[in-house]
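Engineer: Can you read through this structure? Questions will come right after.
The values are calculated or read from the model by the stated rules, or taken from the named source; none is laboratory data. Note that the structure is a prediction, hence the values are computed from the model and not measured. Here the Cβ is made from the backbone with ideal geometry for all residues, glycine too, and neighbour counts use every protein chain on show. The protein model used for the area step is the full one, side chains on, heavy atoms only, and it has no ligands, DNA or RNA in it. Shrake-Rupley method; radii C 1.70, N 1.55, O 1.52, S 1.80 Å.
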Amino acid sequence: MTEFRIVDSPINPQNYRLTLSDERFGACVEFEGWVRSENLGRKVTGLTYEAWGPLCQAEAQVIFEEARERFQVSRIMAVHRTGELKVGETAVWVAVASPHRKEAFAACAFVIDEIKHRLPIWKKEHYADGTQEWVACHRCSAGSAAQTQDERGAGLSPS
Amino acid sequence: MNQAKAKGSLEQPKPERAGVTSQPTADPLVEVTVRYFAALKEQAGRDAEWVTGASPDARVLYAQLKKRYQFDLEMEQVRIAIDGAFARPETPLRSGQEIAFLPPVSGG
């Protein structure tokens, strides 16, 4: 079972956790990303997330498949918010369930990293001084932009 | 269930028609749908439009649109999706395709 969802209302992990459970599994590792009040020294009052649903869905399935192959985990679910978020709200939730904890921890870390770097989701920060700005993930702006397997396979250089 | 934010969603755009070339070139005209997101959407003032022009590939098309809308982002910072799948910037364009320009992502 793998599932990715984009939602425009508050994320409640309780709504999703049960779908991961299985009597063969001894571990469930969850990551929850919250909106924090400061970024790079600037006071943040809230975020706006925009996502391109269809491509998010397709790329998320590629990420999940990579995670399953690499870590031999069974069940992965991720949910990402869109719209206006206040400080403290949950922007993203990822959960991985598997028989043992070690691979669940590793897969969960992998999935959230790849979600941040590869899914067509954009974050605008709203600052206390009234300004706002679209931000880019560090790895992307550092020049090694997220690339899909297809692009790597096609021999694309990092953009 | 998998819903994008309404104004960013792909359902039923109401594109405007716009030509992007001001001078004749040897390249044949293509008519494509262009989608914009995030900063590009704001700077273009729209999330989608029909574009007719002599644009052999997405890289050339972006350069034309960057000039028109004064996009801040350089081509090297923008990723391309053609008909809903990531694509190389130099992929030849055909009429009827949907070309999406994706600013650097920042999910999570």
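Engineer: Which of the aspartates and glutamates could a cross-linker span from A:Lys43 if the Cα-Cα distance has to be under 17 Å and same-chain partners fewer than 8 positions apart are dropped?
Structural biologist: Within the straight-line cut-off, A:Lys43 pairs with A:Glu84, A:Glu89, A:Glu125, A:Asp129, A:Glu133.
Engineer: Ok, one more. How many Å² of accessible area per residue for region A:15-132, probe 1.4 Å?
Structural biologist: Averaged over the residues of region A:15-132, the accessible area is 45 Å².
Engineer: With solvent modelled as a 1.4 Å probe, how much accessible area in total do chains B and A shield from it at their shared surface, in Å² to the nearest 100?
Structural biologist: So the buried area, both faces added, is about 2900 Å².
Engineer: Now a separate question. Taking a 19 Å limit on the Cα-Cα distance, which of the listed pairs A:Lys116/B:Lys66; A:Lys86/A:Lys123; B:Lys41/B:Lys66; A:Lys116/B:Lys67; A:Lys124/B:Lys67 fall beyond it?
Structural biologist: The answer is A:Lys116/B:Lys66; A:Lys116/B:Lys67; A:Lys124/B:Lys67.
Engineer: I've got another one for you. Give the carbon-plus-sulfur fraction of the accessible surface of region B:24-108 in %, rounded to a whole number; probe 1.4 Å, heavy atoms of protein chains only.
Structural biologist: 54 percent
Engineer: Next question. For labels at B:Glu74 and A:Leu40 in the simple 7 Å Cα→Cβ model, what's the distance in nm?
Structural biologist: Here the modelled spin labels are 1.7 nm apart.
Engineer: OK, next. Shape verdict for region B:59-105, please, from the Cα gyration tensor: rounded (a/c under 1.5), prolate (a/b greater than b/c) or oblate.
Structural biologist: oblate
Engineer: Where in region A:1-31 is the amide nitrogen less than 12 Å from a point lying 7 Å along the Cα-to-Cβ axis of A:Gln61?
Structural biologist: A:2-4, by backbone N distance to the label point.
Engineer: About the Cα centre, and with charges only on the beta carbon of Lys, Arg (+1) and Asp, Glu (-1), how big is the dipole of region B:52-108? Nearest 20 debye, please.
Structural biologist: Value, rounded to 20: 120 debye.
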